[in-house]
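Read the structure below first, then the notes.
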Amino acid sequence: MAIEQVLIPDLGGADGVDVIELCVAVGDTVEIEDSLIVVETDKASLDVPSTVAGVIKAIHVAEGAKVNEGDICVDIETSAAAAESAPEAEVAPTVEAAPAEVAAAPAVAAAPANTSASTTLDIILPDLGGADGVDVIEVCVAVGDEVSEGDSLIVLETDKASMEIPAEHSGKIIAFSVNEGDKVNEGQVIGSLQVAGGSAAEAPVAAPEATPAAPVAASSATKEVRNVPAPVAAKLPPAATGAGKSNRDSHAGPAVRKLARELGVDLTLISPTGPRGRILKDDLHDFVKNAMKQISQGGSAGASLAEGATGIPPRPTVDFAKFGDVSVEPLSKIDRLTALNMQRSWLNVPHVTQFDDADITDLEEFRKSLKAEGEKRGVKVTPVAFLIKAVASALAQNPKFNSSLDAAMENRITKSYVNVGMAVDTPRGLVVPVIKDADKKGLWEIAADVIELSIKARDGKLKPNEMQGGCFTVSSLGAMGGTGFTPIVNTPEVGILGVSKAQIKPVWNGSEFIPRQMLPLALSYDHCAINGGDAGRFMTTIVAELSDVRRLILN
Ligand code: CAO
C-alpha cells in the first residue's frame, strides 16, 4: 500500500479556478480516470480524473474553493500494482464544455500533503455515552471548509438518540476521514483542523462529551436533534431507526447534500445526471424549479419538495385586502409546529372516530365530596384528573393503544410505560405536556400534575422532557362546551380521546328515564394500527372506569 497524491493538472494557464463539484468522498474507491472533482474556468468546465486506482484517504479541495495547477487534489491509497499501472501523462482532464485550452495531463506527486501552514489539530470523537460502532448518519463538512467553534461536523445516531458533534475550535478542515454510513467509536480521529495562530495547539480537538441517552442533560456542546425513548429504539430493527436512510443511498457530494437539507428536499426523488449516477447541484436546482412550477400550476409545495407528489391541491392564495381592511401576523412557533404536525397526521393517518357517553353522575358526586380535602391539600380535582386516570387504566388493559407503528409500518412498538399527554390551550398555542407513569399514580397525584403542568404550559415554562414520551393524548374541551368533536391523532401515538361538556340527560334504566350526568367522549384512532374491535374494547373500558368511580380509584 502507498499513498499517492493527485495534483491539479495544467489548467490552460488559468489561475484561481473554481471547484464546482466534488465527485468523490473519503473512503470511495476510484479507478484510473474516474472523476475526482469538476473545475470551471471562464472557458470550460472540466473533470479532474484520477491518475491512480485506490481508496480516497483525504480530499484537499472543497466545492467553491479556487485551485491552481499543482495544488494537491486528493490523497489515494493505492496497491503497488495499481500505482504502477498509472502512467501519469496518459490521463487528461475530461473537458465537459466548449473550447477548453487545457491539454496537459495532471501530474502525480509523491510529496507529503502541504498542511504545514498553521497548527494542525486532530478532531477526536468524544465520549459517546458508552456506545460502540455508532452510525454516522450525516457529514456536515468537507475538506477545505472553514468551520466556527460549535459548527456541526457530523451527526451520529445511537439506538437511543441522534447527536451532532460540533467543532471545538474555529479553523479549516484539512482532512476528514468519515463518510455517511460509517461506524465510529469514542476517541477515533476523524480528521484534522488547521487552527489559525496555534493557540489551541496544546490539546487535540476532542469534541466535547456527548450523552446520547440523556437528551435533557446533554452537554451544551452536543446538540440533541432527536431522541428515541430507549425501550422503543431497543426493539427497532436498524432500518427502522435510521434517520436519512434513503438519502444516504443517493450519490451526491456534501455541498449538494447540505443544500438539499436546507431546502428540505429528499435526494431520492431527484434524477441524477452526473457521472456514475451522481446528483449535481443543477439537478437539485432543476428539481426545485420544477416543484415550484408544479405548485404554480396547482400542485402541493410540501408534497413536491419534501414528500413526493401526492397531488394534493394547495391552499388558495387570496388577496383578502381586496374586500376590506386586514391585519397579518406571523404564526407563533408553536402554532406553526402544530399546523405541521396536524397536517402530517391528517395526511398520513386514516382516522376513525368512535363516540360514546360515560355516565359520570357518581364520579361527579364523589369529585365534589373531595372539595374540602382538596382545599386542605391545595389541589383541585377537576374531571380531567379522572379522565387521565381512566385512560391510563384502559391503556394498561389494552396495550395496542399503548403502541406506535414504526415509520415503515413494519413493526409495532408496544410501550411498557403509560404516559398520558394532556392538550392544553395556551396563549402561545396548543401544547401537550405529559403525565408520566399515570397508571402508577393516584388521583391526588394526577390532579396535582394536571394543575402544575397546565400552569407551566400557560406560562411557557414547560421543559422539553415534560412534553416528550407521551403514549396517548386526552384533549378536554369540557370546560368550554360543545357536544362533540373529532380530535386528530397526535402521531406517532395511535389514539386520542376528545372530551366535551358533561350534561344531564334522560337515560332509560329499563323501566323509566332518569336524569344522569353524561360525559361525551370521542375516540379517534389510527386505523393502520388499531382495528374497530380494539377501539370498541378500549372505549368500553374507559366508559366503565368513569362510570364506576370505586373501580377507578382502586386502580
Ligand atoms: N364537562 C363539564 N365541565 C367540565 C368538564 C367537562 N367535560 N371538564 C372540566 N369541566 C369544568 C371543571 O370541573 C371546572 O369547573 P369547576 O371550576 O366548576 O369545577 C371548569 O370546567 C374548568 O376546568 P379547567 O379547564 O380549568 O380545568 P380542567 O382540569 O378541566 O382542564 C386543561 C385542564 C388543561 C385540560 C384545560 O384547561 C385545557 O386547556 N383544555 C383545552 C384543551 C384543548 O385545547 N384541546 C383541543 C386540542 S385540539 O385543538
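Here are the numbers:
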quantity	calculated
Dipole magnitude (debye, nearest 20) for segment 398-479, charges at Cβ of Lys, Arg, Asp, Glu	60 debye
Per-residue ³J(HN,Hα) for segment 63-74, Karplus 6.51 cos²θ - 1.76 cosθ + 1.60, θ = phi - 60°, Hz, x for Gly and Pro	4, x, 6, 10, 10, 10, 3, x, 5, 6, 9, 9
Where segment 315-362 is the region considered: accessible area per residue in Å², 1.4 Å probe	83 Å²
GluC sites (Glu not before Pro) lying in DSSP loop within segment 491-547, provided at most 12 other Cβ fall within 10 Å	GLU512
LYS456 accessible area, 1.4 Å probe, all protein chains in place, Å² to nearest 10	40 Å²
Listed pairs LYS389/LYS461; LYS436/LYS463; LYS333/LYS463; LYS258/LYS281; LYS368/LYS436 exceeding 18 Å between Cα atoms	LYS389/LYS461; LYS368/LYS436
Residue order for TRP444, TRP346 - accessible surface, 1.4 angstrom probe, largest first	TRP346, TRP444
Using θ = phi - 60° and Karplus 6.51 cos²θ - 1.76 cosθ + 1.60, couplings along segment 549-555 (whole Hz; Gly, Pro as x)	5, 5, 4, 5, 6, 6, 5
Nearest-10 value in Å² for the accessible area of HIS251, using the 1.4 Å probe	60 Å²
Accessible area of segment 442-555 divided out per residue, in Å², using a probe of 1.4 angstrom	46 Å²
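The values are calculated or read from the model by the stated rules, or taken from the named source; none is laboratory data. This is a predicted model, so every value here is computed, not measured. Neighbour counts run over all protein chains shown; Cβ positions are idealised from the backbone, glycine included. All accessible areas refer to the heavy atoms of the entire protein, side chains included, with ligands and DNA or RNA removed. Shrake-Rupley method; radii C 1.70, N 1.55, O 1.52, S 1.80 Å.
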